[in-house]
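Here's the structure we're looking at; comments come further down.
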Amino acid sequence: MILYSYFRSTAAYRVRIALAWKGLSPEVVPVHLTRGGGEQHSTVHLERNPQGLVPVLELDDGTFLPQSLAIVEYLEELRPEPPLLPTTAAERARVRSLALHVACEIHPLNNLRVLGYLTGALGVTEEQRLAWYRHWVETGLSALEARLSRENATGRFCHGGTPTLADVCLVPQLYNARRFGVDPARWPTLARIETGCLALEAFERARPEVQVDAE
Ligand SMILES: N[C@@H](CCC(=O)N[C@@H](CS)C(=O)NCC(=O)O)C(=O)O
């Protein structure tokens, strides 16, 4: 397998965590999202993913698989142990619901191309762009904090005693928030879960700062 990744990409970070958790270390091919207008728009990358986004996982048969959550679910089926989803249907639904809270309601609003469209085509100022980012990340993470502090008062992870797909989505989102000057310490449950995750080797190996293309 080959992972097309960018060190700062939160969606690629999710896949890197899952790969490391499963003990898989495929070749990683960086796709630089800003250099030269963005390598994600190159003909070669658009053949991998016409959306012009990372991550993409190239499977052993040469198939290209975009979309981080589909990739993580694929890895879960390929290598069920150690799991990233719990055993009962209700628990799996809860974990997926937490993951989608981040991946569908927070991340897409603050993607590079969305922020670029704001300052480019719509002509908003840098200050307004940052206000947009902070609004959606704070709204989304505050709701997640409310939910997790109610449902999981003392747990080390989002669900149960081991990391799941929910933590795979949460940790990169908190990394991204910090990059834009939003300190996750204001959400104590999320911050505690992040600390628990980052103490694990798989999360350490997936960190942006230790990737081959880190700057
Ligand atoms: N829903 C997609 C989102 C992928 C995505 O938005 N990737 C970002 C990096 S985190 C990207 O490639 N952005 C390039 C751009 O916006 O031009 C997934 O989960 O894989």
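The values are calculated or read from the model by the stated rules, or taken from the named source; none is laboratory data. Values in this document were obtained by computation on a predicted structure and should not be read as measured data. Ideal geometry is used to build each Cβ from the backbone, glycine not excepted, and the neighbour counts take in all protein chains shown. The accessibility values were calculated without ligands, DNA or RNA, using every heavy atom of the protein model including side chains. Shrake-Rupley method; radii C 1.70, N 1.55, O 1.52, S 1.80 Å.
Of the candidates 3, 33, 24, 46, the single residue that is in contact with a helix residue (DSSP H, G or I) (Cβ under 9 Å, 6 or more places away or on another chain), among the aliphatic types (A, V, I, L, M) and touching a residue at least 60 places away in the same chain (Cβ under 8 Å) is 33. Is it the case that some residue within the stretch 81-97 is farther than 14 Å from residue 166 by Cβ, charged (D, E, K, R) and within 12 Å of the ligand (Cβ to nearest atom)? No, that holds for no residue. The residue pairs whose first member lies in the stretch 51-73 and is over 23 Å from residue 38 (Cα atoms), whose second member is in a loop (DSSP other than H, G, I, E, B) and open to solvent by 30 Å² or more (accessible area, probe 1.4 Å), and whose beta carbons are closer than 9 Å, counting only pairs six or more residues apart or on different chains, are 59/1; 60/1. Considering the stretch 120-138, and only residues there that are part of a helix (DSSP H, G or I) and without any contact (Cβ under 8 Å) to a residue 24 or more places away in the chain, the residue that is surrounded by the most Cβ atoms within 10 Å (Cβ to Cβ) turns out to be 129. For the stretch 49-61, the criterion of a residue being away from the ligand (no atom under 14 Å from the Cβ) and farther than 15 Å from residue 3 by Cα is satisfied by no position. Of 205, 192, all but one fail to be within 15 Å of the chain's Cα centre (by Cα) and open to solvent by 60 Å² or more (accessible area, probe 1.4 Å); the exception is 205.
Among the candidates 79, 14, 8, the residue that is touching a helix residue (DSSP H, G or I) at 6+ places or on another chain (Cβ under 7 Å) and open to solvent by 60 Å² or more (accessible area, probe 1.4 Å) is uniquely 8.
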